[in-house]
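*Asks:* Starting off with a structure, shown below.
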Amino acid sequence: METRSRAEPQFPASPAFPVGKMVARRRKRVAGDLEAGVPSPPGYYAIPIKFSAKQRASHYLYVREHRVREGTQSAWPQKRTLFVLNVPPYCNEECLTRLLSPCGTVQSVELQEKPDLAESAKEPKSKFFHPTPIPGFQVAYVVFQKPSGVSAALTLKGPLLVSTESHPVKSGIHKWISDYADSVTDPEALRVEVDTFMEAYDQKIAAEEEKAKEEEGVPDEEGWVKVTRRGRRPVLPRTEAASLRVLEKEKRKRARKELLNFYAWQHRETKMEHLAQLRKKFEEDKQRIELMRAQRKFRPY
């Protein structure tokens, strides 16, 4: 009994109906449709890449021109920035620069864990003080020297090879060794960066203090005067320790101002307390003497 496959329909073998050619043609058309119709987010263009020539399946980068709303400041230049999604962990800034350099001169590449929601200027990244990157897929902002680089990248064909003979990408134990070597800090370079940062920070604080001193006591457009900590009477910090210090100071001030033995009832209460203490001490001495007599250790002199 013959069994038929569900994937490929069976046709009668005849010279007028070439089954093998139709099946091969159908497979080729399906493969071409899958390669051309890669599902991608709306507004993005898919660029296929491969880690090496031995890899059969392609990974896809989804790219589009970086755009922001009108009137919003952006850290990335308009019309020259390419926004890239789905960047694999083995693809770093140098790799993206090499893959996209045929489209035009790449000015800078920055990888991030997620897209920037606040479009504002950023401070330059430190070589030593930076958070540990989370391994996984990232997004990238690629800035070209000319706007034509973005247009060329949106029509780039693939697949592009990440690791080649001329530009190999380290993996496995070789990558671990390289990461460990990069983690060793140069003390002199670290000192230079710290000194540079502290100089810039001191200049920033000095400028803020000078600005606050100039604006102190000067009313604004509506006539309001801004109250700052650097006034004649500085504001106390709102902490528990500061509150306890204030309470203790007030308690000492009240004790100095309080009048002792000013009224007659205060004299009476003071004498009664003194007599009660004397009686208590007398009874304790009697009990101690009786105990020493019982132990035959009474030494009055």
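Please treat every number below as a calculation from the coordinates, not as lab data. Worth saying up front: this structure is predicted, and the values here are computed from it rather than measured. Every residue, glycine as well, gets a Cβ built from its backbone with ideal geometry; the counts of neighbours run over all protein chains shown.
*Asks:* To the nearest 0.05, how large is the calculated FRET efficiency for Lys114 and Asn92 if R₀ is 22 Å and r is the Cβ-Cβ distance?
*Replies:* Between Lys114 and Asn92 the formula returns 0.80.
*Asks:* Also, I was wondering about something else. Please compute the length gained on full extension between Ser101 and Glu209, using 0.36 nm multiplied by the number of residues separating them and subtracting their Cα-Cα distance.
*Replies:* 34.2 nm
*Asks:* Want the number for Arg245 to Leu154: 0.36 nm per residue separation, take away the alpha-carbon distance, what's left?
*Replies:* 26.1 nm
*Asks:* Return the aspartates and glutamates within reach of Lys146: Cα separation strictly under 15 angstrom, same-chain partners fewer than 8 residues apart disregarded; answer none if there are no such residues.
*Replies:* Leaving aside aspartates and glutamates fewer than 8 places away in the same chain, those within reach of Lys146 are Glu65.
*Asks:* Sticking with this one: Residue separation times 0.36 nm, minus the C-alpha to C-alpha distance between Glu193 and Glu222: what's the value?
*Replies:* In short, 6.0 nm is gained.
*Asks:* Which distance in nm do the two modelled labels at His267 and Thr185 give, with both placed 7 Å along the Cα-to-Cβ direction?
*Replies:* It works out to 7.5 nm between the two label points.
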